[in-house]
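The structure appears right after this line, and notes come after that.
The values are calculated or read from the model by the stated rules, or taken from the named source; none is laboratory data. Model, not experiment: these values are computed from the prediction. All Cβ positions, glycine included, derive from the backbone under ideal geometry; neighbour counts span all protein chains shown. Side chains included, ligands, DNA and RNA excluded: accessible areas come from the protein's heavy atoms. Shrake-Rupley method; radii C 1.70, N 1.55, O 1.52, S 1.80 Å.
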Amino acid sequence: RHGGTERIRFKEEEVAARRRRDSEQVKQECLQDLAAIFPSVDADILRSVLQSTDSNVERAANILMEMTMEPSTNAEAPLVESSSIDPQVSRTCPFELLSYDLFCKLLAYFRVPDLLICSFCCRHWKEIIQSILENVQNVDVTSEHEKFNMALLRNCKRASSIKIRGLFRSFLRLRTLPCLGGGGQSPTLKTLKLVKCFSLTDDLLTGLLTTTSALEHLEIDSCDGISDECFTNLYEEKLRIDMGEVTGTSLARLRVLQISNCGGVTGQSLKYAVMALNGRGLDHIKFSNNGIMQMETVQLAARRLRVLELKDPKSITSLGLEGCTTLEKMSIHNGTQLKTFQAVGSNLVHLSLTRCQMLHSVTIGAANLQTLILQGCRSLRNVECTSTTLREINFYGCNFVSPSDVQTIIFASQQCLTSVEIDGCSIIQSLNFSAPSLESLVVKGCKALQTLKLMNASRLVKLDARGCSMLSHVIVDDFFKADQVNAMGKFAWRKS
């Protein structure tokens with residue numbers, strides 16, 4: 001107990017010493033800042049003023065400004081000898097004493113909207129701040145004043161990312177911005193994020209996507225004015241452009257499209273968005289928690305799509321991805337109405353279907369699939385997978401999945417498997433593994449499991465068989481090392 005008390009006391013002293021060192025470093029930095037702003041004031045005076053304000057640079061600067069501009073009337077403030085002050089200091093604004101580089105360094109701590117406000121102070125500040133705003137890359141528009149928002153966007157001529165939130169209404173004027181190619185400038189805008197823009201409509205978004213050719217990343221969140229009509233119109237516009245009926249416009253070359261929490265957007269938007277933007281570089285689509293209008297079957301055909309993420313796709317009952325041959329990653333979360341799923345493609349390496357409680361059939365024709373996650377799919381019965389390269393398998397919560405399908409999938413990829421998780425599969429009675437790369441095996445809650453064989457499992461480090469009431473022993477070979485395995489559950493090892 002005495003040793004523990006000594007260690008605690010030593011640790012507290014070490015923390016206190018570290019805090020003192022940090023405090024001294026902060027004081028030294030504050031003193032350097034004051035010395036840069038007031039180069040003519042003696043260092044001892046700067047130190048005393050800083051000490052009297054508890055290292056508050058702003059308060060110390062105000063005191064020093066009063067002292068240098070006029071004689072101090074505050075008896076508590078330290079006095080400055082007239083011989084130590086340059087006569088020009090009393091007649092000059094302290095900010096004019098700063099060098100250009102130091103002034104720009106101070107302005108770097110301002111938010112972009114605050115910089116625009118500061119530019120109205122004087123002509124000198126306006127010239128400097130405008131040169132800074134021209135090179136700003138990320139702009140966040142949150143003000144309720146339209147003129148201020150447009151002035152901010154016009155001054156940020158080389159912006160590559162713009163985020164618009166709230167009651168912004170000047171969408172028609174966006175195409176005149178320099179970062180979007182207005183005024184003969186080359187467009188620089190790559191990313192556009194629209195959050196809770198209630199004035200955004202289908203026509204406005206369609207017009208925006210047909211005039212911003214350099215746009216690569218579009219995020220739309222909680223914009224209730226957006227519906228399926230937007231992407232239907234976009235597809236029709238694409239057809240007119242391809243047929244030569246419309247000249248002088250070109251669709252945005254989107255690579256990433258994310259739409260979340262838009263009640264009017266359904267699976268139709270997903271289908272028409274792929275049809276409109278397919279072939280122009282679109283490779284990542286994410287739909288999250290959008291609306292429901294009618295149950296529908298969606299067939300996607302995208303030549304370049306690499307990533308497809310769907311969260312809460314309420315209106316999709318069947319999804320076919322036979323035409324997405326370049327798809328690499330696919331995930332669906334909480335597909336409450338999804339009943340069947342089919343995916344074919346040699347490039348697909350990751351497939352995740354979670355909490356799709358009505359899903360009963362999955363067919364996967366992906367020879368190079370490495371990760372297969374089927375979690376919480378309580379109605380799942382049949383799973384067909386032709387992959388022989390699976391590294392991770394997860395059937396957590398798939399209570400009624402076919403035991404023969406599970407065993408077939410495991411047998412096909414047994415040379416590559418490193419992690420297998422089969423939780424709560426209540427009708428599986430027997431599992432056989434011959435997996436030299438297997439490191440983790442979880443069969444927790446498989447109440448009907450009676451036989452478990454592990455052959456060539458020399459790398460196994462974790463086996464969780466808790467809740468397997470009918471499993472009394474695990475069969476292993478002579479090369480198996482039980483002492484290196486973290487075993488959980490009531491069973492015994494038995495050599496074959």
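Here are the numbers for this structure:
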quantity	calculated
Under-5 Å amide H pairs with Ile422, H placed in peptide plane, nonlocal only	Phe395, Val442, Val443, Lys444
Computed E for Ser379/Met243 - FRET, C-beta separation, R0 45 angstrom, nearest 0.05	0.50
Proximal lysines to Lys490, defined as alpha-carbon separation beneath 28 angstrom and excluding residues fewer than eight positions away on the same chain	Lys444, Lys447, Lys453, Lys462, Lys481
Inter-site label distance for Glu236 and Thr336 at 7 Å from Cα along Cβ, in nm	3.2 nm
Added length on full extension, which subtracts the Cα-Cα distance from 0.36 nm per residue, Thr176 to Gln407	77.0 nm
For Arg381, distant residues with modelled amide H under 5 Å away	Ser361
Computed [θ] at 222 nm, deg cm²/dmol, the chain (DSSP H ≥ 4; -39,500 (n - 2.57); rounded to nearest 500)	-9000 deg cm²/dmol
Accessible-area composition of the chain, carbon plus sulfur, in percent [1.4 Å probe]	49 percent
Hz values of 3J(HN,Hα) by residue in segment 154-164 - Karplus curve (6.51, -1.76, 1.60), Gly and Pro given as x	5, 6, 8, 6, 10, 5, 9, 9, 10, 10, 10
Calculated from backbone phi, Karplus (6.51, -1.76, 1.60) coupling profile of segment 324-339 in Hz, x at Gly/Pro	9, 6, 9, 5, 10, 9, 9, 9, 10, 10, 6, x, 5, 10, 5, 10
Cross-link pairs beyond the 26 Å C-alpha cut-off, checked among Lys163/Lys339; Lys27/Lys163; Lys311/Lys339; Lys193/Lys329; Lys190/Lys339	Lys163/Lys339; Lys27/Lys163; Lys190/Lys339
Computed P(r) (all Cα pairs; the chain; 20 Å bins; percent)	18, 30, 30, 19, 3
For segment 349-359, Karplus couplings with θ = phi - 60° (6.51, -1.76, 1.60), whole Hz, Gly/Pro x	10, 9, 9, 10, 10, 10, 6, 9, 6, 9, 5
Placed amide H near Val474: partners under 5 Å, 5+ positions off or other chain	Ala492, Trp493, Arg494
Per-residue SASA entry for Val195, accessible area with 1.4 Å probe, Å² rounded to 10	30 Å²
